[in-house]
Amino acid sequence: MTIKRTILLFVAAMAIAVGASAQQKYNLRLNLADKAAYTVSTEHNNSSTVNAAGQQMKLGQRMKVSTKMSYDKLSDGNFRCTMTIGRIDMEADAMGQTMQISSADATTNEQNKLFKAIVNKPIYTTLSPQGRSLGKEDVSQIEQAVESIMPNLGKAMAEQMRSQAVTNNFYFPNHPVAVGESWVCELSNNLPTMAGKGETLTVKQTIKCTLKEVTDKFFVLNTVGDIITNENGIELKGLQETKLYIDRNTGIVDHATVKANLGGHVSQMGQEMDVKSIVSGKVIVKPVK
């Protein structure tokens, strides 16, 4: 065999190997052991600017939440998830004043009492292997705890917590995907606001998820999508980007970062306002040993 022929065969073999590697597909799904448990630390930062009548006001909000998630593996292949919030800490800045609220605070402030009612109360939901809620949520303990201190708020808060607990910022496709392939997630969520009076923040998202990279440990996902938020009639629109590192063995997020830019024109109480908001955050997940 000539050297030239050997080189040609080598090049052809390499091309076949590269082509086969590029076409390799992966099943992205939850693959959890029974009773698996994790701690989740979430940080959220929001910086907003409001321009109205020639005046500018800057607002800031920072929140940290620690959560424990545990999973029971069901006989049908789904997972029963129990989520308990361990602690909530928040800071809000407005007009030169800073307000701090914490579930660990001993004060009788309404918001503190509300946070304390939520902490350590379980929220149950059933998830498919794709990470989607199957609509079997139970937030009754939070509802009862909130009603005991704010009778008119319990049911509304429970509904909001249910939505918050079961809505992720992505879910897996029901088919294998190769590196570079994408799928679309449609999500909607209602979150409680700091007003503590049943007011909600509605978030709607259309997200394109892409399997960007596969490493020895992680599936790396990039998500980009339109986001619409509505808080008591104030609607903002923008773009959200997230980078997630998914554990290849379990399908659980190991860590993630998120950023979003939102803006809108608002008419409220006879005033015209332009609002711009920059959001950033991160999530760190660790197994309970």
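The values are calculated or read from the model by the stated rules, or taken from the named source; none is laboratory data. None of these values were measured; they are calculated from a predicted model. No Cβ is skipped: glycine too gets one built from the backbone with ideal geometry, and neighbour counts run over all protein chains shown.
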**Prompt:** Quick check, is LEU32 farther than 20 Å from VAL139 by Cα and crowded, with 16+ Cβ neighbours inside 10 Å?
**Reply:** yes
**Fill in**
Per the filter on the range 29-41, residues out of contact with any Lys or Arg (no Cβ under 7 Å at 6 or more places or on another chain) and assigned to a strand (DSSP E or B) are ALA36, VAL40, SER41
**Message:** Which residue is surrounded by the most Cβ atoms within 10 Å (Cβ to Cβ), if the candidates are limited to the range 241-283 and must be β-branched (Val, Ile, Thr) and within 26 Å of ASN78 (Cβ to Cβ)?
**Reply:** ILE246
**Message:** When the residues of the range 52-101 are narrowed to those that are more than 21 Å from the chain's Cα centre (by Cα) and polar (S, T, N, Q), which ends up modelled with the highest pLDDT?
**Reply:** SER75
**Item:** Filtered residue count, the range 114-142, keeping only those that are modelled with pLDDT under 75 and of a type in the set (D, E, K, R)
**Value:** 2
**Residues located in the range 202-256, provided they are acidic (Asp, Glu) and either touching a helix residue (DSSP H, G or I) at 6+ places or on another chain (Cβ under 9 Å) or over 22 Å from SER277 (Cβ atoms) (or both)** = GLU213, ASP216, ASP247, ASP254
**Request:** Would you check if there is a residue in the range 14-27 being part of a strand (DSSP E or B), modelled with pLDDT of 80 or more and under 29 Å from the mean Cα position of the chain (by Cα)?
**Result:** yes
**Asked** Can you list the strands (runs of 3 or more DSSP E) found entirely within the range 42-134 that contain at least 1 residues being charged (D, E, K, R), touching a residue at least 24 places away in the same chain (Cβ under 8 Å) and surrounded by fewer than 16 Cβ atoms within 10 Å (Cβ to Cβ)?
**Response** 55-73, 79-94
**Item:** Only one of GLY233, GLY238, GLY225 that is surrounded by 15 or more Cβ atoms within 10 Å (Cβ to Cβ) and farther than 25 Å from ALA178 by Cβ
**Value:** GLY238
